[in-house]
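The values are calculated or read from the model by the stated rules, or taken from the named source; none is laboratory data. Just so you know, these numbers come straight off a predicted model, no measurement behind them. Because the Cβ atoms are built from the backbone with ideal geometry, glycine has one as well, and the counts that use them run over all protein chains shown. Areas reflect the complete protein model, heavy atoms only, side chains present, ligands, DNA and RNA absent. Shrake-Rupley method; radii C 1.70, N 1.55, O 1.52, S 1.80 Å.
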Amino acid sequence: MPEIFELYFDDKTEKQKDVPNMDGFKEIIERDYSIRGVVLKYPNSLIFWGDSYKYLLDEFTKNGFCGSVSVTINRLNSNGSDQSLKGIIFLSDVVWNWDNTTCEATIEDDNWSARIVNNLDLKVNVLAEKTKNGLDMVTTISQRNVDTYDPNEIALTWTYDCWGVDVISAMDQIVKFISDNVISFESDFLLNTGLLSNQGILLTTGLSLRTTNEDTILVSMGSLLMGLSKLYNLWFDLQEQTDGTYVFKLEPESFWFNTEADASFRRIKGINQRTFDSILYSSVEVGSDGRKSLGGAVVTLDYYPITTHLNEELYVFGDCNINDKLDLVNEFVYDTNAIEDVVVNGNDDWDDRLFLFEYDVVNNRASKNKFADNGSSLTPPFYYNKSMLNGNVLRRYFFQNDLVQTFGNEDQGFEATLSADSAVIITDTVVAPLIFDVEILDISGNYDTVTGRYTAAGNGTYTFEIMLPISIISKTSPDDTIAIAGLWIKRDAATTIYEQIGVTSVILDGVNATQKVQVFVYEAVLTTYLELNDTIEFQLSIQLLKAQPTNVIQAQYYANNSSFKTLAVYDGGGTFFKNDLKDYRASILDFVAGVNDSDWSDIKADKAYQFEVDRDGVTIMKAWIKKLERDFLTTEVNCELITNLDQTNKTGS
């Protein structure tokens, strides 16, 4: 067989004469649901002999069991060579065959297993000044003194304070500790896109929360990674930079599913399609594990489904013949009542626990959220950690069907629709009340078709859904006109307080030279706490980002398929979260295809690749990586790609 590979050790320029047989060697790119990472793996080993065997033996003799050797294997082609594989051999894993003067060694991905996986369970002091192997840390962790509060205090009062570290800085410190400063941490979501403006997350201990004193924070990479990932549905990848360093990138699941096609597999024969049954769930458990430890503590908030941090279980509607539960219970304590028990009650039972809570990074104050949005916004009670409420956590996930919780008789629900289409003229901003005036269901008479208001029949959790087909039409609008449609909720008819619950931005498309239009269905779901006799109503707002002349822009909403209804009520449970099976990626495409070195390098660099797959040149399916197993010698790839019925990359809201 002609020589088609060249081998280098430890980034040396002198290549080894004796290259191992690459027949059967595999490279794998896998979306690993157990660790929420998209990772590169080498599952098998190579036999080294001759001068390559001698090099490894010399390194073993010099460095012993804890040494390692970097490996580069290039594939030769007509243009010279392409770097095909860069990995690392841990000498402790080498099997030496003294009779044959050969050795068998597994190769690990140099930026993955060597730096992260083998240290996921290692507890790190986030204030460490040296790395794992004694190098000076290149960054200083962000320590904070953050003001905290009693949930029963008025809005502008922060009586207490707490020492801690920002989680972005903590993650960066842990990654640098493990990797000797080679890897840094990055998360656009945690930094500025996923949370409210100027909002961060503080990591602290119960002792620091209770006494304000600095404390030792010992936490493992795997623990903090999984804690944040469960809360915000985050996934990671390690990405090589142009300077040879690496970034540990942590972003929402949807980030790792490109929306545009990057590559295609055309006219593929032998495609099999099967159910991805390991992500079909019968139930989901969510909440802060610390809530179980409250005992008889005196705290402010009672339990209400979905709207607190209490550990609770919801069921996935339907019959898929499964018995798997999605575990979103978090080992970190973030329950508002637990924080109150420490801050206000001074309970030292929590001293050894790790806490998370949101804070304003500008003013260094714990975020203060109004529990029942009725009456004055300055009136208690308040609560910690709005983004971590069970309902907000669950909205970041998709399931194969609706999430339900059933108890009581559900006789307080209603459903109404519009009787006729309606149109409004927009010049800059318009706010239009939406009165769904035809009742379909209203067992207890809680909805008023004249005012469009629903009146709560008792204290508790309610979930509302609104669907509104709408079009925005322009006769002379510029091409770049963007309209923003928003739904606003008012919880008490005696006040003028509205809260925006959903925003959709639309760009008006050209129909012809003088008219542009955008048609869409506005859908919003709100789970909220209401007190007895609170009312809830909706208004639609449409705002143009560029003011227009009078009678130029018109919004029209349609009665057909419109609805305003309760999905769940305080005494009867119900459907708290609706999910569309068409959006759920629970299908796998299996097939074999060839992938050349250049395309494979591109896929390794961007593991969010979207593929277009067809078997006949006509029926095209969008799909994303589940597992790609490539034969290093033949370049054939066993493909497992995940897809869904609706061909979308949705992963939660």
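List, please: which pairs have Cβ atoms under 7 Å, are six or more places apart or on different chains, and start with a residue in segment 261-289 that is over 23 Å from D602 (Cβ atoms) and end with one that is in a helix (DSSP H, G or I) and of a type in the set (D, E)? From segment 261-289, no pairs qualify. Cβ-Cβ distances below 7 Å connect the following pairs, each with a first residue in segment 46-61 that is open to solvent by 20 Å² or more (accessible area, probe 1.4 Å), a second residue that is assigned to a helix (DSSP H, G or I) and hydrophobic (A, V, I, L, M, F, W, C), and a separation of six or more residues or different chains: E59/L91; F60/L91.
Matching residues to (1) under 30 Å from T527 (Cα atoms); (2) at pLDDT 90 or above; (3) among the hydrophobic types (A, V, I, L, M, F, W, C):
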site	(1), (2), (3)
R585	yes, no, no
I588	no, yes, yes
F611	no, yes, yes
G617	no, no, no
K627	no, yes, no
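Would you call S84 of a type in the set (S, T, N, Q), closer than 30 Å to K249 by Cβ and loosely packed, with under 14 Cβ neighbours inside 10 Å? Step through it out loud before you land on a result.
Numbers: of a type in the set (S, T, N, Q): yes; closer than 30 Å to K249 by Cβ: yes; loosely packed, with under 14 Cβ neighbours inside 10 Å: no.
The answer is no for S84.
Here segment 438-455 is the region considered, the condition is being without any contact (Cβ under 8 Å) to a residue 60 or more places away in the chain and crowded, with 16+ Cβ neighbours inside 10 Å, and the residue that is nearest to G413 (Cα to Cα) is D442. Restricting to segment 163-184, and then to whatever is of a type outside the set (S, T, N, Q) and part of a strand (DSSP E or B), can you tell me which residue is surrounded by the most Cβ atoms within 10 Å (Cβ to Cβ)? Among those residues, the one meeting the criterion is G164. For segment 591-644, filtering for residues that are out of contact with any Lys or Arg (no Cβ under 7 Å at 6 or more places or on another chain), part of a strand (DSSP E or B) and either of a type in the set (F, W, Y) or open to solvent by less than 40 Å² (accessible area, probe 1.4 Å) (or both) leaves 9. Among all residues of segment 456-471, there is none that is open to solvent by 40 Å² or more (accessible area, probe 1.4 Å), within 28 Å of V316 (Cα to Cα), modelled with pLDDT of 80 or more and of a type in the set (D, E, K, R).
Annotation: of all residues in segment 281-327 being more than 24 Å from G458 (Cβ to Cβ) and aromatic (F, W, Y), the one that is modelled with the lowest pLDDT is F317.
Cβ-Cβ distances below 6 Å connect the following pairs, each with a first residue in segment 548-573 that is open to solvent by less than 40 Å² (accessible area, probe 1.4 Å), a second residue that is of a type in the set (F, W, Y) and at pLDDT below 80, and a separation of six or more residues or different chains: A568/F576; G573/F407. For segment 298-316, a residue qualifies if it is in a loop (DSSP other than H, G, I, E, B) and surrounded by 16 or more Cβ atoms within 10 Å (Cβ to Cβ), and the qualifying residues are V299, T300, L301, Y304, P305, I306, T307, T308, H309, L310, N311.
Residue by residue, here is whether (1) modelled with pLDDT under 70; (2) touching a Ser or Thr at 6+ places or on another chain (Cβ under 9 Å); (3) surrounded by 22 or more Cβ atoms within 10 Å (Cβ to Cβ) holds:
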position	(1), (2), (3)
F382	no, yes, yes
M388	no, yes, yes
F399	no, no, yes
L403	no, yes, yes
A416	no, yes, yes
S422	no, no, no
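Given the criterion in a helix (DSSP H, G or I) and modelled with pLDDT under 90, identify the matching residue among L191, L209. Don't jump to the end; show me each part of the working.
Details: L209 fails: modelled with pLDDT under 90.
Unique residue meeting the criteria: L191.
Any residue in segment 168-181 that is of a type in the set (F, W, Y) and under 24 Å from the mean Cα position of the chain (by Cα)? No. In summary, V219 fulfils each of the numbered conditions (1) under 21 Å from D109 (Cβ atoms); (2) at pLDDT 90 or above; (3) out of contact with any Pro (no Cβ under 9 Å at 6 or more places or on another chain) with the single exception of condition (1).
Taken over segment 574-590, residues that are among the acidic types (D, E) and surrounded by fewer than 17 Cβ atoms within 10 Å (Cβ to Cβ) amount to 2. In segment 426-437, of all residues being touching a strand residue (DSSP E or B) at 6+ places or on another chain (Cβ under 6 Å) and at pLDDT 70 or above, the one that is surrounded by the fewest Cβ atoms within 10 Å (Cβ to Cβ) corresponds to P433.
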